[in-house]
Amino acid sequence: MSDLMILGQRIRHFRTEAELTLDQLGERVGVAGSQLSLMENGKREPRIGLLTGIAEALGVPLSALLDESPPSERAALEVELERAQRSTLYGSLGLPVVRPGRSMSDEVLASLVGLHRELVARERRTIATPEEARRANTELRLHMRTLDNHLPEIEELAERTVAETGHVSGALTHREVEVMATRLGFELVYVHDLPHSARSVTDLENGRIYLPPASIPGGHGLRSMALQAIAHRLLGHEVPSTYAQFLQQRLEINYFAAAALMPRAQSVAFLTQAKADRNIAVEDFRDAFGVTHEAAALRFTNLATAHLDLTLHFLRVGDDGAVYKAYENDGLRLPVDVTGSVEGQLVCRNVAARRAFARTTRTTEYYQYTDTPEGTYWESTQIGSSSTDEYSITVGVPFAQAKFFRGRETTERRVSTCPDPACCKRPDGSLGRRWGGKVWTSAKLHAHILSPLPSGTFPGVDDQELYGFLEAHAPRAAEGAAPA
């Protein structure tokens, strides 16, 4: 019998109907009443011979005991409550097990089962499946498109916070970031043993923000992580309960960090002059504020439409052609799947984001015009690298706006008819005939597009590792700490 709980319930049901006690039934079948009690509670499986004897003693066919449905509505609730209290989720709460005895009314039993159902439902809502994660990411991207990727409230918050440090112009310094933290009552502490699952850790009780040692020359990454941790506090974020909320918070703290590193007033002044000179270049914007090329390109998307009257698109593409990040408000057709998600999709081989990988010299930006079914676009692409692979960062605009950018005189020009498979996806006829049906390969999995929101006190963070870290570093008890 696969379900001992239901078997036990059915034995108890028919024993009660026969008005027999455990001991009385035990005498008839030759076993102790305590042994029958274990069977009725689903803790011991009876031999088939004993089960046959029980059925005869109760005056029911053996099939009535072996039926896998609960014998009554109450029995079904009791089984459901028992299963719920055996679950890992309930065990993690540290609460005692409640036994549904005869004195428990049906209403109380139904209420307990209902609470367990809601507990499970809420837990499931906090763990996004890959499909839910991709849907939430797509909805956020489309929403930001309606806003031209511009968040005025965070712009103003960042501008005000930076001004309070005394910063006037140029790149934001480590010292000025420390001043921001100090004004919030926090000290920046750099450690080598930060939990592997956390980018930074904020100790709310002891006023400390723990960060890893600088890993990027110039410290842009370190300043950015500190600013993101500060942003959580300034924006009043709570622990996210859905994947959509998690993504929204990540977007907001990244936006704040970028707006602090590249303040609106100075950035707009710099870019406005470059537009007037018809010499806009992401590499110049990057160097002026001491940030990475990707950070400068993304920041440019925040300001280009709202302050320069330019529409544009942004792409971060892996060396295998897969999209990692994308944004557009200039009508460029992005590669999407049936859900509208762009992450993990392959861009056309003929666009600058892919063509730039073929260059031998990659220290400067690559410029190209691309004719598409939606029109002609000018694009500027820079190749970067991580510890595991290479990637390209592309910013592009419609042909009519290329006149404001450095590199507009390029003679590089390609044609893309994607998503038409004949453009770059369908193999040459002779190659198809030569290799069709004769090859097998395993595709690379793009893990970043499948990552759901992990459960736990803090999304994606190992609680035990986190609190162990705080216990080792905090001068006092570290309860109430939150990862950034």
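The values are calculated or read from the model by the stated rules, or taken from the named source; none is laboratory data. Not measured: the values here are computed from a predicted model. No Cβ is skipped: glycine too gets one built from the backbone with ideal geometry, and neighbour counts run over all protein chains shown. Accessible surface areas use protein heavy atoms only, side chains included; no ligands, DNA or RNA. Shrake-Rupley method; radii C 1.70, N 1.55, O 1.52, S 1.80 Å.
Observations, loosely collected:
- Screening residue 419 with (1) touching a residue at least 12 places away in the same chain (Cβ under 8 Å); (2) open to solvent by 80 Å² or more (accessible area, probe 1.4 Å); (3) within 30 Å of residue 278 (Cα to Cα) gives one miss only, at (3).
- Among the residues of the stretch 380-408, those identified as open to solvent by less than 70 Å² (accessible area, probe 1.4 Å) and free of Cβ contacts under 8 Å to residues at least 40 places away in the same chain are 381, 383, 386, 402.
- Tallying residues that are hydrophobic (A, V, I, L, M, F, W, C) and either under 14 Å from the mean Cα position of the chain (by Cα) or buried (at least 21 other Cβ atoms within 10 Å of the Cβ) (or both) within the stretch 238-288 yields 17.
- Residue match in the stretch 403-417 (condition: assigned to a helix (DSSP H, G or I), at pLDDT 75 or above and over 30 Å from residue 199 (Cβ atoms)): yes
- Only one of the numbered conditions (1) part of a helix (DSSP H, G or I); (2) open to solvent by 40 Å² or more (accessible area, probe 1.4 Å) is not met by residue 116, and that is (2).
- Any chance residue 156 is closer than 30 Å to residue 311 by Cα and either open to solvent by 60 Å² or more (accessible area, probe 1.4 Å) or part of a loop (DSSP other than H, G, I, E, B) (or both): yes
- A residue that is among the acidic types (Asp, Glu) and in contact (Cβ under 8 Å) with a residue 12 or more places away in the chain occurs somewhere in the stretch 250-264.
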